[in-house]
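Taking it in order: structure first as C-alpha cells, then the write-up.
FYI, it's all coordinate maths here, none of it is from the lab. The model shown is predicted, which means the values in this text are computed figures rather than measured ones. Note that we place each Cβ from the backbone using ideal geometry, even for glycine, and neighbour counts take in every protein chain shown.
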Amino acid sequence: MRIEYCIGVDLGSTTTKAVILGADHAVLGRGITNSRSNYVVASQVAMGEALINTRFTRIRNQLGHAGVGPARCDQLLGSFERRFREQQYLCQLATLESTLHGYADRTRQDPAVHRALDAIVARMRSESAGLFAEGAARKSDFFRDLAGSRFHELSEQQKEARFDVLAGLFDKSILDVENSTEAVGTFSEHARAALQAQGTHAPELARAVDAAFGDELVQVQVVGTGYGRQKLPFPEKSIRSEILCHGLGAHAMYPHTRTVLDIGGQDTKAIQVDEQGIVTSFQMNDRCAAGCGRYLGYIADEMNLGLHELGPLAGQATRQVRINSTCTVFAGAELRERLSLGERREDILAGLHRAIVLRAMSLLARSGGVHEQFTFTGGVARNSEAVKALRKLVQENYGERTLNISTESIYTGALGAALFAWRAAERADVPEEVKA
Amino acid sequence: MSSSELDRLLADAEHLYRDLTFQSVRDWKRRTGGLAIGYMPVYVPREILHAQGCLPVGVLGGGEDLEIIRGDAFYQSYICHIPRSTIELGLNGALDCLDGMLFPATCDVIRNLSGMWRMQFPDKFVHYLDVPQDFDPQVGGTFYEHELQSIAAALAARGAKPLRDDALAASIAVFDTHRDAVEALYTLRREQPWKVPTHELYLLLRAGMLLPVEEHVPLLRRYRELVLADAARRPMDQARVLLTGSFCEQPPLGMIKTLERAGCYIVDDDFVPVHRWIRGRVARGGAPMRDLVGAFLESGVPSAIRYAEHGGKGDDVVARVRECGAEGVVFCAPSFCDPALLDQPMVVRAIERAGIPWTAFKYSENTGQFQVIREQAGTFADSIKLWSTV
Amino acid sequence: MSNPATAQIHKDASQERQKRMIAEHFHRLAQAPDTGHKCAYTFVPGNLTELLRTFDVLPVLPEINALQSGMRGRSRDYIALAEKLGHSEDVCTYVKCDVGMLHSGNVGPTGERLPRPDLLLLSYTGCFTFMKWFEILAQEYECPVVMLHVPYQGDGRITDAMRRYVVDQLRRKVIPMLEKVSGKAYDEDLLRQHLARSAQAETDLVAVLEAAKHRPSPIDAYFGGVYYIGPIFTAFRGTQDAIEYYRELRAEVEERMRAGKGPVTPEGELEHEKYRVVVEGPPNWTSFRQFWQMFVDEGAVVVASTYTKVGGVYDNGFRHDPARPLETLAEYCMGCYTNLDLPTRVAMLSRYVQEYSADGFLINSVKSCNSFSAGQLMILREVEKRTGRPGGFIESDLVDPRYFSASNIKNRLESYFQMIEQKRSSGAGT
C-alpha cells in the first residue's frame, strides 16, 4: 500500500523530535532522540525513529484488520517491540565495540585495555535480554544513556585497566556512534531478527509485519523547526519558526487553545493563537535564561536528585520558601544558603517551582495574558509541582481557565511543523494561477 | 520598663516597614480626610505637601517581602528592581490610598516610570518633579520655584488647601525640627555606634516615610532617650565604615544586619536620603518658597544624582569619611543603578587618593542571600581592624 | 524613464559628499592643535552646533566615536579596559567604550588622533547618563565644563518656565563660557544665519524620511536612516554643506520613489518589499550589517523609526527659527526624542504605524540605554492596543558585542515576520 506522509522535525536543545502525519493529518508515528553535537544526525535519527514508529502503527492496524483483539494485540506488539529495541541496542553496541577498540588502537593502549573492553561489552551483550525484558525499568531510551551507565559501572568493577582510560575511550566512541546513522541499523533487519527471536508461535504477527513491510511510505514534504533551527539540514523554505509550530501544534491537540506556554530547556515561550491556530502575539524569555527548564536541571544536580523527582518532592512541602532569584548561576548558592538556614528541602523546592512559574507569568502577561483555553507544553509541563503552581497563579490572576497538558506535549512543535509541511504540500498542488 | 518600651517602639517601626498595604496611610486619610501623595526616591520638598494639608508618603518599592507577579512583565532583566515592585504595588491595589504620585528627577528609569504611571493610572495626580541641575538662584532657582508652584496649584485643584506663605513657613519649621531630630540620631550613632545599630536607625527612618512628621519627630526623640539610657548597649570591636550608594532602591534589612554582624559599624550612610537632603535648617530670609528653593540650591547634599558643578567628584565622600571618623568605605549600590554605579569609579578615585580603604558589592531590594556579602564585609572589617593596629 | 546608471551616480553623489564632509571634519579636528581651532566635546541629542559655529568652535561627539568604535570592532577591548578601570558591567557601554578609547590613545574613527577638548559642553540631560559621562570626562581633562540642564517634557509639553530656564542657561552660562573659550564675542546675527540654513536642511530631511510612506518605500528609515541623519545630527547642522547634502539626497530619494524602487541595502537594492515595519530603539552597532541583513533576508523594510529622531524631531513641524534664536535652540533641545514622556512616545509610534501603513512594529531594546528602554514593554502593549498591529521585542546592546546574540535575534525576527505572513495568508483565505 502506498502511504503519503509529511514529517515535522523539532530540533530542541536537549531532544530532537519528529512527527509523521498521514494525508488525513492523523499522527502515524513519533520519534525522539537526544540532540547531539551533530544536528544532521539528530534529525535523521529522530525521523528514522518516527518511521519505525509508523511501521509499528501499521503493524497494529494490520493486526486489527486480521481480527486480533486489542489485548492480544498489545501483548504481541509489546513483546515484538521489546525485541526490536533489543536488536537495535545490540546493533549499536556492536558499533560501539569496534569504535572502542579503534580508539584504543589509535591511542596505543595496552592489550589489557582491549581485554577489559571485550569483557565489558560481552557482559553488556549478555545482559541485553534482561534490559528489554517485560516490565524492566529503563531510565532512558537513548543508547547514550543506556549503554553509558552500564559501561561505567562495569568499568569501575573490572581490574584490567584504569577507569579513567576506559571512560575516556567511551566518551570519544559514543560521539561517533551517535553521529553515525548506520549504527542504529534498519527497520527491516531488526524486525526480522526480532521476529526470529520471538519464535513462530505468532503467525498473525509475522503476517502483519510482512504486510507492513509491503507498505510504500512516501515522503511528501518535510518541515523543520526548533532551537537549532539555523542549522537544520533542510532548505530554508522548509523551515518554520518554532513559535508558529508550537502555536499550530497546540491548536491541533486542543482546537480551543488560545494561549500556549512552553517551558523548555533553554527558553520559555508565551504564545497567543487565534481560532485557526495562527499566532497573534508571542514573547520569549529575554537574554537571561533564568527560570527555564535548565534551572531545574541545576537544582536537581545540586540536590543529587533526578529531574523527575523534583516535582513530587516539592509536592510534599508544608510551606513555601520564597525564592527571589531564579538566576541559574546562583541557583546552587541560593539553595545551600537556604538549607544552611534550616529550611526544609521540600519547602525550598516548592518555592523554586513557584519562582520559575512566576517568570513564565510575566512572559504570559507581556504576550497578552492567559485566555481560554490554556495549553502548557515543554519538558516542565511534566513536572507536577510546576503545573500546580501555574494553575494557582493563573487562577488568581486571570480567573478559571481550562489547562490542557498532553502526555505527548513534547511533540507539540514537531506536530505543528508536520502540519505546516502538509499545508505547503497542499498549496503546492494548487495550480499557479489559482494561488495568485 | 524602658527596654520593653524600646522593643515595642522598634516592633512598631518594623511593622510599618513590612506593611505593604499602607494601612497607616489609610488610617490617616480616614482620620483627616486629607490627600495622601506618594513620592519616589530621592528627594521631594515635603514641606509643600505638608503646608497644603497632604500626607507625603515615601514609596521605596516593595522591599524584600513583596512577591513580584505582574511587575516583571513591565521591565527587562537589566533594569533595577524598584520600578517593578512599585508597579506591582500599584497593580495589586496597595497604592490605591494615594491620591497622587511624585516622581522626582532621579534617573531615567524613575523618570520613565512617571509616564507609565500616567498611562496605567489615568485618574491619579502624577507629576514628574524636575529638580534643577543649575544651582544659580536666578536660573535654576526660578525654574524650581515655578515647578513647585505648579505642583501646589495642581494639588489645590484636586482638593488640597491652596498653598499659603504662613502655612509653608510653619511647615518648614516643622521639618526643621525633623531634620534636627534625624541629625541628632546620626550624631549619636557617629559618637556611640553601639547605642544606635543601623538596622534600628534604618527602621526609624523608614517609619518617617509613612508617619506624619508630627508623629515621627517624637518617635525619633524617644528612641534616642531610650537608647541613651540603655546601659546594656556596650561598645564592641567593630570597624567603622561609611556606606554609600543606597540612596534609591533600598537594601533588604537583612543585608544591613549582615554588615553589622560581619563586624562593621556603619557610621554614615545615604539610606532614605529624603530626610537628610537639606543639610541643617532652612535659612530664612525671604518668602518661604524662596527659602525652600534656596535650601535646595545651597544646602542640598552632594549626590550621584546631583550634578557636580565645580568638579571635585568624591571629595564630599572623603570629607564625610573624615567627619564621621570612618575607617573605610563600603560601596553598596543596587544592581543596574545608573547613578550610583556611574558615580562609583569617580568616588573611588578620590578616596584612593586620600588613602581610604574600600570595598564594593551590589544588591537588589529583594536579595535573599547574604553569604557572599557577609564574607566580603567580614574580610573588609578584619583588614581594617588589622590595619589600624599596625 | 529613469536610467539605472544615473540613479546609481546620484546615490553615489550624496554618499560621496557625506564621506567627504566627515573626512574633512575629522581632519580639521586632528589639525586643531596646530591651527588653534577650539574644540568642544558635546552630545548628539540637544547639540548646539549652530551656536558652536557662531564661535567657530568645532564639535567632537563622544557618542559617535563610541558607535564608530563599535562598527570598527574596537568596542569590545575598549569596554574591557574601562571595566578593568573599575566601571561597572551594568552601565552604559557608550561611556565605557569612550573611556576605553580615551585610555588607548583617543584615536578617532578616521584613524587620526582626536584633539583634547577646550570645553566640555554638556548640552543635554534627556539622558541622565550623559551627566555622569561628562563628570567622568571632567575628571580626565583639565578644561572648563559647562552644563545645560534640559528639563524633561514630563507632562508631554514645553512650558514657558522650561523654555525660560533653558534660555537663561544659554544666555548666562553657555554663551559667556563660549566667549571665554573662543575669545570671540557672541554674534546673534551670525547665529540667525546658521539657524536659517538648519531649517532649510531640516525640511529636506523630513521629505526624505517621509518618502517611506510611499509603497514601495524608497528608503530604509532605520538602517539606511542612520546614514541620512548623520550630517544633521552631528557637526554639520547650519552649514551650506548640509543644505547641499540634503537637497541632493532628497532628489535621489524622490527619483527612486518615482521609479518605484526599493531601498538600497548592503546587498544592493531590495526588490521586493514584503513587510513594512516601524522600529523603536537604537540599533546595535557591533553587528550593524548582520542585523540589517536579517531584515533584508526577510524582505522587511523599516518605514519609520524613533532612533532617527534622537538628535531632533522635525516631522512634527519643528524647524530651527532664526527669528527666535535662543528660544528655538531651547525648544530643539527639549524636543529630542528621549526627552519626550512615554505617552508622547506611544502616540508617536502609533502614528507612525498608521501613517506609514506598517504591518507592525519592532522594539530593539538596548541594555545600555535606560532612557530608551525603561518602559518599552509598556510601550509595546500600548501601541499594539492602539493600532491593532503586532509588536515584536528583541534585545541587544549599543556597542557591547557580548549582548548581541545573532541566533537569538534572528530567531525572534523570523518568528515575527512569519507570524505576519501567516496572519496575512489566513486573512486572505477567509
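Rounded to the nearest 0.05, what FRET efficiency is calculated for A:LYS237 and A:ASP274 with R0 set to 35 Å and r the Cβ-Cβ distance? Each step should come with its number before you reach the end.
Values: r = 24 Å, r/R0 = 0.69.
My answer for the efficiency is 0.90.
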Completion exercise
Between A:LEU175 and A:PHE163, the two model label points (7 Å from Cα along the beta-carbon direction) sit apart by a distance in nm of 2.3 nm
Completion exercise
Answer in debye to the nearest 20: the dipole magnitude of the stretch A:193-286 about its Cα centre, from +1 Lys/Arg and -1 Asp/Glu charges placed on Cβ, is 180 debye
Exercise for the section: Determine the relative contact order of chain C: mean sequence separation of Cα pairs under 8 Å and six or more apart, normalised by residue count, in whole percent. Expected result: 19 percent
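Kirkwood Rh, Cα Rg: Rg to Rh for chain A? Numbers along the way, then the final one.
On the way: Rg = 23.8 Å, Rh = 23.8 Å.
On the Cα set of chain A, Rg over Rh gives 1.00.
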Exercise for the section: Mind putting a number on the dipole of the stretch B:236-390 about its Cα centre? Charges go on the C-beta only, +1 for Lys and Arg and -1 for Asp and Glu, and I need it in Debye to the nearest 20. Expected result: 260 debye
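In deg cm²/dmol and to the nearest 500, what is the mean residue ellipticity at 222 nm of the protein assembly as shown if only DSSP H runs of at least 4 residues count, each as -39500 (n - 2.57), divided by the residue total?
On the way: 46 runs with 662 residues, N = 1256.
Per the formula, -17000 deg cm²/dmol.
Hey, got the average number of other protein chain Cβ atoms within 10 angstrom for residues in A:269-280? Let's see the in-between values first.
Numbers: counts 1, 1, 2, 1, 0, 3, 0, 4, 2, 7, 8, 5.
Neighbouring Cβ atoms belonging to other protein chains average 3 per residue here.
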Handout entry: Farthest toward positive dipole pole in chain B [+1 Lys/Arg, -1 Asp/Glu at C-beta], among B:LEU188, B:HIS275, B:LEU148
Key = B:LEU188
Handout entry: Calculated FRET efficiency for the pair B:ALA173/C:ASP189, C-beta based, R₀ 35 Å, to 0.05
Key = 0.10
Handout entry: Base-10 log of normalised Debye intensity for the stretch B:14-70 (one unit scatterer per alpha-carbon) at q = 0.13, 0.19, 0.27, 0.29 Å⁻¹
Key = -0.39, -0.77, -1.16, -1.22
Handout entry: Rg followed by Dmax, in Å, when the protein assembly as shown is reduced to its Cα trace
Key = 34.5, 112
Practice task
Using label points projected 7 Å from each Cα along Cα→Cβ, tell me how many nm separate A:ASP141 and C:GLN31, to one decimal.
Solution key: 7.7 nm
Handout entry: the stretch C:301-430 - percent relative contact order, Cα under 8 Å, separation 6 or more
Key = 19 percent
Handout entry: Size of the stretch C:119-162 as Cα extents on the principal axes (Å, biggest first)
Key = 37, 18, 8
Practice task
Work from the charge dipole of chain C (Cβ charges, +1 for Lys and Arg, -1 for Asp and Glu, about the Cα centre) and give the residue of C:ALA207, C:TYR416, C:PRO115 farthest towards its positive end.
Solution key: C:TYR416
Handout entry: Stokes-Einstein diffusion coefficient of the stretch B:236-390, Kirkwood radius over Cα pairs, 4 °C, 1.567 mPa s, in µm²/s
Key = 79 µm²/s
Exercise for the section: Among the listed pairs C:LYS38/C:LYS173; A:LYS17/A:LYS392; B:LYS385/C:LYS84; C:LYS84/C:LYS132, give every one whose C-alpha distance is greater than 24 Å. Expected result: A:LYS17/A:LYS392; B:LYS385/C:LYS84
Exercise for the section: With unit charges on the beta carbon (Lys/Arg positive, Asp/Glu negative), name the residue among A:GLY224, C:ALA185, C:MET147 whose Cα is farthest towards the positive pole of the charge dipole of the protein assembly as shown. Expected result: A:GLY224
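At R0 = 30 Å, how high is the FRET efficiency between A:TYR298 and C:LEU85 if r is their beta carbon distance? Nearest 0.05 is fine. If you can, show how the numbers build up before the last one.
Numbers: r = 33 Å, r/R0 = 1.11.
Efficiency, rounded to the nearest 0.05: 0.35.
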Completion exercise
Largest-first semi-axes in Å of the equivalent ellipsoid built from the Cα gyration tensor of chain B are 32, 23, 23
Handout entry: For chain C, average projected area of the Cα convex hull in nm²
Key = 20.5 nm²
Practice task
Taking chain B as the reference, fit the longest principal axis to its C-alpha atoms, fit the long axis of helix B:198-210 to the helix C-alpha atoms, and give the angle between the two in degrees, 0 to 90, nearest 10.
Solution key: 0 degrees
Practice task
Over the stretch B:236-390, calculate the relative contact order: mean separation of alpha carbon pairs under 8 Å at least 6 apart, over the residue count, as a percent.
Solution key: 35 percent
Exercise for the section: Using every pair of alpha-carbon atoms in the stretch A:2-216, split the distances into 5 Å bins beginning at 0 and state the percent of pairs per bin, rounded to integers. Expected result: 1, 7, 14, 17, 17, 15, 12, 8, 5, 3, 1, 0
Exercise for the section: For the stretch A:312-402, evaluate the Debye formula with one uniform point scatterer on each Cα (no solvent term) and list log10 I(q)/I(0) at q = 0.16, 0.19 Å⁻¹, rounded to two decimals. Expected result: -0.67, -0.90
Fill in the blank from the handout: Between C:ASP77 and A:ARG322, the two model label points (7 Å from Cα along the beta-carbon direction) sit apart by a distance in nm of 4.9 nm
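Could you work out the local net charge near C:GLY311, counting Lys and Arg as +1, Asp and Glu as -1, over the other residues with Cβ closer than 10 Å to its Cβ? Intermediate values should be presented prior to the final figure.
On the way: positive: C:ARG237, C:LYS309; negative: C:GLU63.
Net charge in that neighbourhood comes out at +1.
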